[in-house]
Amino acid sequence: MQKSAFPSYRGRMEYVCLGCGARRSGDSLLYTCPDCGGVFLLENLDFAKLKEKSGQAWRDTFDERSATAKPALRGIFRYYELLAPIFDEEDIVFLGEGQTPIIEASGALRDQVGLPFAYKNDGQNPSASFKDRGMACAFSYLKWLCRRQNWDEVLTVCASTGDTSAAAAMYAAYVGAPLKSVVLLPHGKVTPQQLSQPLGSGALVLELPGVFDDCMKVVEILAENYRVALLNSKNSWRILGQESYALEVAQWYNWDVDDLCLFVPVGNAGNITAIMAGFLKMYDLGIISRLPRIFGVQSEHADPVWRYYSVPANLRHWEPVTVRASVAQAAMIGNPVSFPRVKKLAQRFIEVGGEQAFQVIQVKEQQIMDAMIMANRHGHISCTQGGECLAGLINARHLGLLGDNAHAVLDATAHSLKFSGFQQMYFTNTFPPEYEVEPNPGLANQPELLLAEDVRKGKDVATFARLGAEAVVARLGLKSKNA
Ligand code: F0G
């Protein structure tokens, strides 16, 4: 068997509107339904053909592909047939995204939290967030389109809380002509590290006052009326790429997800949509025999999805919220564009997996920070959104929602370094009051300058080294080897 052969199967992708059910061909880039304005999901009309192969045979195929030397199949497209099986090998953009590790919590951390859990480090993607999964698919699609349409210039645009723009700019920079990247950011609401990313990739970075929800409205007007390619998760090709997260979790646990509880931070709600869609596809193909449980997590400063699901089904009513300052800034979204997708997929998830299969947990800002700091002090590299997941796990446990055999997998959606400013505010007790975070002083960690700057001046290296060593010995109270 030739392990690295590029798949020969091709599907036929169609957009399905979640508002009115209208269908449109996947041959052109659409974001919202021209008939009713609803959001789309993409469907493969030839998905049934994939059922001709057994669940075991699919598991074997994906396991074999993990040894491939073909770049096109090394990342998210290890699961080619389940994602967007229309691309040729030459279309696929691979920048090292996907196949991120799952790191089990150490014994000490597990004991503190009270049950076993792991972090999936999606901050180990190339632009340091999970967004690369979706961008790899969206940019492969753009390459596929450009090849067919002979376009000579395509402006890609997105609004962002920081990570979408970092990923979009990086992939556009790699693909190059005819693509040009423009990103629209809420001024002062992305971290300096996130801002440096699209700047470094050479994108045009435009800022507007307001919050993400405002910028999103602006790019929606642009996408509806002008010739631009929208890269927010309204672009359903991104959702397909992000489904790879679910497939990787299942494969990591040897396709046995029965007792898994996945915790996912919810902002614009694209990620949780994709994760549910990915598990449902595996279930439909017999690749997994049961669904895991999915817990969405939201801060009480940006919690429209939690509010919707926190009341009994007959009282539910969708209402966007006005966000307040949140340390989970990347998920600080009051009007998530993918909410209709969540509703649809959560319904199916519950039909298949029971009432417990999909739930949303609310957490406090304080809990998010405390949880992130605790995780990272035990060897993780969690961002604030990953802290949100751990806070969600702790709350879910206290609410009695987790059984004895539960094993949690938390999505550290970005690398901790992107959000180090919040850690700094925690360590220096400088949170503006609107965040409502009171740091635990016992966790503050600051560098200590042992010698004044001018002590170095005029001394040779040996003399300075002796002074430096004496200062370290005094600080640590070290005992001599000869004592
Ligand atoms: N975590 C991180 C690190 C994010 O960047 C985002 C979203 C989320 C969680 C929430 O995921 O939107 O799929 O529910 N960031 C977007 C952006 C909105 O513009 O980078 P979601």
Handout entry: From 220, 243, residue being in contact with a helix residue (DSSP H, G or I) (Cβ under 6 Å, 6 or more places away or on another chain) and within 30 Å of residue 279 (Cα to Cα)
Key = 243
Practice task
Would you kindly identify the helices (runs of 4 or more DSSP H) lying entirely within the stretch 183-242 that contain at least 3 residues that are out of contact with any Asp or Glu (no Cβ under 8 Å at 6 or more places or on another chain) and acidic (Asp, Glu)?
Solution key: 212-225
Problem - Test: residue 8 is touching a residue at least 12 places away in the same chain (Cβ under 8 Å) and either out of contact with any Gly (no Cβ under 7 Å at 6 or more places or on another chain) or surrounded by fewer than 16 Cβ atoms within 10 Å (Cβ to Cβ) (or both) - result: no
Fill in the blank from the handout: Taking the stretch 286-300 and the residues there that are over 17 Å from residue 390 (Cβ atoms) and buried (at least 21 other Cβ atoms within 10 Å of the Cβ), the one that is nearest to the ligand (Cβ to nearest atom) would be 292
Completion exercise
From the option list 189, 180, 234, 217, single residue qualifying as under 19 Å from the mean Cα position of the chain (by Cα) and over 21 Å from residue 384 (Cβ atoms) is 234
Exercise for the section: Collect the residues in the stretch 254-275 that are touching a residue at least 40 places away in the same chain (Cβ under 8 Å) and either in a strand (DSSP E or B) or away from the ligand (no atom under 12 Å from the Cβ) (or both), keeping them in residue-number order. Expected result: 255, 259, 260, 261, 262, 263, 264, 265
Completion exercise
Of the residues in the stretch 381-397, those that are surrounded by fewer than 24 Cβ atoms within 10 Å (Cβ to Cβ) and out of contact with any helix residue (DSSP H, G or I) (no Cβ under 7 Å at 6 or more places or on another chain) number 3
Fill in the blank from the handout: Within the stretch 336-375, the count of residues that are surrounded by fewer than 19 Cβ atoms within 10 Å (Cβ to Cβ), in a loop (DSSP other than H, G, I, E, B) and either in contact with a Lys or Arg (Cβ under 9 Å, 6 or more places away or on another chain) or free of Cβ contacts under 8 Å to residues at least 12 places away in the same chain (or both) comes to 1
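Read-outs: derived from the displayed coordinates by stated rules, not from any lab. Here the structure is a predicted model, which is why all the values come from computation and not from measurement. Glycine also receives a Cβ, built like all others from the backbone with ideal geometry; neighbour counts cover every protein chain displayed.
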